[in-house]
Amino acid sequence: MCEALSDEHRTKRRKITGHDLYKDILGSPKFIVAPMVEQSELPWRILSRRYGAQLVYTPMIGARMFSEEKHKNYKDQAFNLIHGEEGGPHDRPLIVQFSANDPETLLRAAKLVENHCDAVDINFGCPQDIARRGHYGSFLQDDWDLIYKLINILHENLSIPVTAKFRVFSTIEKTVEYAKMMERAGAQILTCHGRTRDQRGHNTGLADWDKIKAVKEAVSVPVFANGNILFHEDIVRCLDVTGADAVMSAEANLYNPTVFLGASKLSSFSSSKLESTTSSSDQILDPLSTRSTRSRDEFFVFSSRDPDENQDIHHKDGGAYLSASSLAHEYLDIVRALKTQTSGSAVKGHLFKLLRPTLGVHTDLRERLGKVGSSKKEKKTWDDVLREYDEIIDEIERRSIDEINKVREGKIKLDDLVRKDELEFMYISID
């Protein structure tokens, strides 16, 4: 387990506020991975940091269950304190997020992680029905007195800062007053999701960046902007429009963990990694490494398998793509190498998102992926399950290489391998 902070260190940390937290502890991050249930777990945090994420949040953790000893299994799965990997030196900077509706319960839960993260965040943004039933997330936004108490009890009693993530109201004026109340309560960073509580599912719509801008102009603590991020260009635009200190991404990061790098940076970043490593493609990744050791795998969708002929091939709109299959293999290598157990549903969820473009074409592989680990009759080990995932990804690579060769031979056009995802309205590479 990680060593507890010294009393002297804890005293110093208690004094850290606002921009000092942002600059001195978090390192002035611009690119942030959002808290996502079963999706921003440890292996994904490691992968995201390799490709440009500068700060990552844990998935939302229920404070009541996490703080009660009878829910030990939940506690170990939500944030494992046994192996020392979660919140360890290579899992920083890190903010742990909780959902709660009782101040004392929240404090008990936060005390368990305060020596293993850089700040504790409170979720005031979840709009899902489960949050309505549990009375947390955005369904607290009409009880400002309770929200104040939840933030303030952590501000007064933790050795690390408290932050808050919230959704906007229908008017700028009420949104600004809401944010200012959270700042008065002690929140040292505010993450503003530019959608209202009712904007979810089919009614999601666009996030309102003007409201985020108004919040940024009204408070003195750092503000993170959340919403409307699909491509790297959206990150740049969001920072320009809102004036926010950083941009937080959720969905875009899940479908493309390299989203923070941008096309031009991605090209040079990946090429340098290819040149800097010499290990074989089947070597297991060091889970704490900041670079991939799959150096001879096909990093770009349209690059040569021969490392001596490696070339960056760009789509006509200027995008360069890392192979989704390489990213999927890399993610599985991290999962396999860590002592901390990763949820099977989290792994499968990530693979479906990473490989979505290919699975939409090769539906037999999509069906095969869905069945992995689902049979109760077959008793498979965790290693067996991961191996089966690797085999599916290998088959995706084989089929992709066949398509690439057809491009080189002039049998099909390069743009034929780029299809529009009608659900996401995004141009995405097949693999």
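The values are calculated or read from the model by the stated rules, or taken from the named source; none is laboratory data. The structure displayed is predicted, hence computed values, not measured ones. Positions of Cβ are generated from backbone atoms using ideal geometry, with glycine treated the same way; all protein chains shown enter the neighbour counts.
The number of residues in segment 131-146 being in contact (Cβ under 8 Å) with a residue 24 or more places away in the chain and among the acidic types (Asp, Glu) comes to 0. Within segment 172-185, residues that are more than 17 Å from Trp209 (Cβ to Cβ) and without any contact (Cβ under 8 Å) to a residue 40 or more places away in the chain reach partners that are in a helix (DSSP H, G or I) and among the polar types (S, T, N, Q) with beta carbons closer than 8 Å, at six or more positions or on different chains, in the pairs Ala185/Asn152.
The residue pairs whose first member lies in segment 200-213 and is within 18 Å of Ile172 (Cα to Cα), whose second member is part of a helix (DSSP H, G or I) and modelled with pLDDT of 85 or more, and whose beta carbons are closer than 6 Å, counting only pairs six or more residues apart or on different chains, are Trp209/Val241; Trp209/Thr242; Lys211/Ile172; Lys211/Thr175; Ile212/Thr242; Lys213/Thr242. Step by step: first the residues of segment 172-222, then only those that are among the hydrophobic types (A, V, I, L, M, F, W, C) and outside any helix (DSSP H, G or I), then the one that is farthest from Ala246 (Cα to Cα). Which residue is that? Applying the filter and picking the extreme gives Leu206. The residues on offer are Thr175, Thr163, Thr196, and the sole one that is buried (at least 16 other Cβ atoms within 10 Å of the Cβ) and either farther than 26 Å from Leu26 by Cβ or at pLDDT below 95 (or both) is Thr196.
Only one of these is modelled with pLDDT of 90 or more, crowded, with 23+ Cβ neighbours inside 10 Å and over 22 Å from the mean Cα position of the chain (by Cα): Lys211, Lys216. Name it.
On inspection, the qualifying residue turns out to be Lys211.
For segment 65-103, the candidate set comprises residues that are part of a helix (DSSP H, G or I) and touching a Lys or Arg at 6+ places or on another chain (Cβ under 9 Å); within that set, the residue that is modelled with the lowest pLDDT is Glu69.
Here is a list of conditions, (1) surrounded by fewer than 21 Cβ atoms within 10 Å (Cβ to Cβ); (2) assigned to a loop (DSSP other than H, G, I, E, B); (3) more than 18 Å from the chain's Cα centre (by Cα), and Tyr148 meets all of them except one; can you say which number that is? All conditions pass for Tyr148, except number (2).
This table checks each residue for (1) touching a helix residue (DSSP H, G or I) at 6+ places or on another chain (Cβ under 9 Å); (2) more than 27 Å from His135 (Cβ to Cβ); (3) crowded, with 16+ Cβ neighbours inside 10 Å.
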site	(1), (2), (3)
Tyr74	yes, no, no
Ala78	yes, no, yes
His83	no, yes, no
Ala100	yes, no, yes
Asn115	yes, yes, yes
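For residues that are within 28 Å of Phe79 (Cβ to Cβ) and surrounded by fewer than 16 Cβ atoms within 10 Å (Cβ to Cβ), tally how many sit in segment 353-384. Total meeting the criteria: 6.
To keep it simple, each residue is scored yes or no on (1) outside the structural domain of Leu354 (by TED's automatic domain parsing); (2) closer than 22 Å to Leu94 by Cβ; (3) out of contact with any Leu (no Cβ under 8 Å at 6 or more places or on another chain).
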position: Ile172; (1), (2), (3): yes, no, yes
position: Asp198; (1), (2), (3): yes, no, yes
position: Gly201; (1), (2), (3): yes, no, yes
position: Val223; (1), (2), (3): yes, yes, no
position: Phe231; (1), (2), (3): yes, no, yes
position: Arg237; (1), (2), (3): yes, no, yes
position: Thr242; (1), (2), (3): yes, no, yes
position: Ser249; (1), (2), (3): yes, yes, yes
